[in-house]
Amino acid sequence: MGVAFVAHCMLNQNSKVAEGAHCAGIYSPIVDVLRAKGWRIEQMPCPELAFTGLNRFWAVKEQLDTAAYRRHCERLAEAVAAAISVRVKQGEDVVLVGVEGSPSMGVTITSSDPLRGGRPEWPEGTAEHVSGEGILVEEIRKALAKRGIGFPRVAGETHAIPGHDEAVQRAGLESTLEG
Amino acid sequence: MKPDARSFRIALVADEFVNPPPGGLDAVAVAARTGWGVMQLPADEYPPEVAGPLLAEVAEQMEEFSRHGYGFVLVGERAGLAEALAQVGVAVPDGISPQTPAQLAEFLDGRPAPRAAQATA
């Protein structure tokens with residue numbers, strides 16, 4: 001047991017980009033596993049909500065990766081890292097649960113398309129998922145490194161990934177929690 | 001905005017109701033049953049220099065939701081919340097410190113439909 005720092009939308013699907021909410025509010029497939037395993041839940045801020053707003057377009061990492069957005073994420077990451085630091089100093093195990101495919105919250109898969117921009121149209125099926133971390137996750141990694149704290153184990157919600165399988169998502173989270 | 005499964009309803013929830021002690025009230029479970037999202041307030045055990053920035057981010061996000069007519073309630077209490085919300089010009093929402101899950105569910109179910117939900121109906 002320990003503390004799971006979860007992406008904001010795991011507890012609040014209202015923060016999702018338009019057409020992105022999978023349920024009314026609580027994303028139970030992740031929350032139920034954390035509850036069943038006795039993990040404490042800590043909700044991280046949603047980086048896109050306060051910066052690009054509720055009416056934002058779907059975006060890939062390159063579109064969000066501006067100096068101003070980096071500064072915004074750096075501020076959020078410092079707040080999250082400070083909380084993680086408290087937990088680590090208390091000897092608690094920490095994991096981070098992100099959103100795979102997200103330009104901000106991806107933990108092993110983010111989205112990338114260097115050519116995307118302008119009028120929001122692109123060919124159906126354009127590949128955008130690549131290995132890597134989203135922008136806020138990168139900034140949390142930096143903020144923890146500044147504090148001399150190792151980056152926690154990670155798991156991700158996988159709805160945006162082709163072939164999403166809730167059982168596989170659950171197994172991945174359980175594996176991360178078990179360390 | 002095109003519709004999806006969101007409820008446009010968000011409960012600001014004190015940590016003791018997100019991570020309840022044994023036998024305590026689990027507001028996340030009630031929110032899941034009643035279709036509310038949750039914004040967690042920082043745990044009381046965090047020192048002010050940790051809790052303050054987290055509260056400021058909660059307030060900034062609530063400001064964006066409020067601008068779009070989402071509905072809010074407060075479950076429990078958190079020192080510093082009123083000041084953080086005042087910084088962004090948002091009032092503290094109606095609240096409850098529930099004794100039972102049924103009491104919380106009744107409170108949530110009894111809230112009026114938020115303006116954002118009416119706009120997309």
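Tabulated data
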{"quantity": "Segment B:72-84, subset open to solvent by 20 Å² or more (accessible area, probe 1.4 Å) and in a helix (DSSP H, G or I), residue farthest from the other protein chains (Cβ to nearest Cβ)", "calculated": "B:Ala82"}
{"quantity": "Selection count, segment B:89-121, where residues are more than 16 Å from the chain's Cα centre (by Cα) and not in a helix (DSSP H, G or I)", "calculated": "4"}
{"quantity": "Considering residues of segment B:46-55 that are open to solvent by 30 Å² or more (accessible area, probe 1.4 Å) and out of contact with any Gly (no Cβ under 7 Å at 6 or more places or on another chain) only, the residue farthest from the other protein chains (Cβ to nearest Cβ)", "calculated": "B:Pro48"}
{"quantity": "Count of residues meeting criterion [in contact with a strand residue (DSSP E or B) (Cβ under 8 Å, 6 or more places away or on another chain), buried (at least 16 other Cβ atoms within 10 Å of the Cβ) and either farther than 20 Å from B:Phe17 by Cα or of a type in the set (Asp, Glu) (or both)] in segment B:85-121", "calculated": "3"}
{"quantity": "Any pair with Cβ under 7 angstrom, 6 or more apart, that starts in segment A:9-33 at a residue that is in contact (Cβ under 8 Å) with a residue 60 or more places away in the chain and ends at one that is surrounded by fewer than 21 Cβ atoms within 10 Å (Cβ to Cβ) and among the aliphatic types (A, V, I, L, M)", "calculated": "A:His22/B:Ala5"}
{"quantity": "Wholly enclosed strands (runs of 3 or more DSSP E) of segment A:100-157 bearing at least 2 residues crowded, with 18+ Cβ neighbours inside 10 Å", "calculated": "A:109-111, A:153-157"}
{"quantity": "Unmet requirement for A:Ala50, which otherwise passes all of (1) crowded, with 18+ Cβ neighbours inside 10 Å; (2) at pLDDT 95 or above; (3) among the aliphatic types (A, V, I, L, M); (4) closer than 24 Å to B:Ala11 by Cα", "calculated": "(2)"}
{"quantity": "Condition check for B:Ala43: within 12 Å of chain A (Cβ to nearest Cβ) and in a loop (DSSP other than H, G, I, E, B)", "calculated": "yes"}
{"quantity": "Test result for B:Val28, among the hydrophobic types (A, V, I, L, M, F, W, C), crowded, with 20+ Cβ neighbours inside 10 Å and without any contact (Cβ under 8 Å) to a residue 60 or more places away in the chain", "calculated": "yes"}
{"quantity": "Qualifying residue in segment A:64-87 (condition: within 11 Å of chain B (Cβ to nearest Cβ), in a loop (DSSP other than H, G, I, E, B) and among the hydroxyl-bearing types (Ser, Thr, Tyr))", "calculated": "no"}
{"quantity": "Qualifying positions in segment A:26-55 - hydroxyl-bearing (Ser, Thr, Tyr) and either within 16 Å of B:Val30 (Cβ to Cβ) or facing chain B (nearest Cβ under 9 Å) (or both)", "calculated": "A:Tyr27, A:Ser28"}
{"quantity": "Criterion: at positive phi, over 11 Å from the mean Cα position of the chain (by Cα) and at the interface with chain A (Cβ under 8 Å from one of its Cβ atoms) - qualifying residue of B:Gly35, B:Gly69, B:Gly23", "calculated": "B:Gly35"}
{"quantity": "Some residue of segment B:3-19 being at the interface with chain A (Cβ under 8 Å from one of its Cβ atoms), open to solvent by 30 Å² or more (accessible area, probe 1.4 Å) and among the aliphatic types (A, V, I, L, M)", "calculated": "yes"}
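The values are calculated or read from the model by the stated rules, or taken from the named source; none is laboratory data. As the structure is a prediction and not an experimental result, all values here were calculated from the model. When we count neighbours, we look across all protein chains shown, and the Cβ atoms used for this are built from the backbone with ideal geometry, even at glycine. Only protein heavy atoms, including side chains, enter the accessible area calculation; ligands, DNA and RNA are left aside. Shrake-Rupley method; radii C 1.70, N 1.55, O 1.52, S 1.80 Å.
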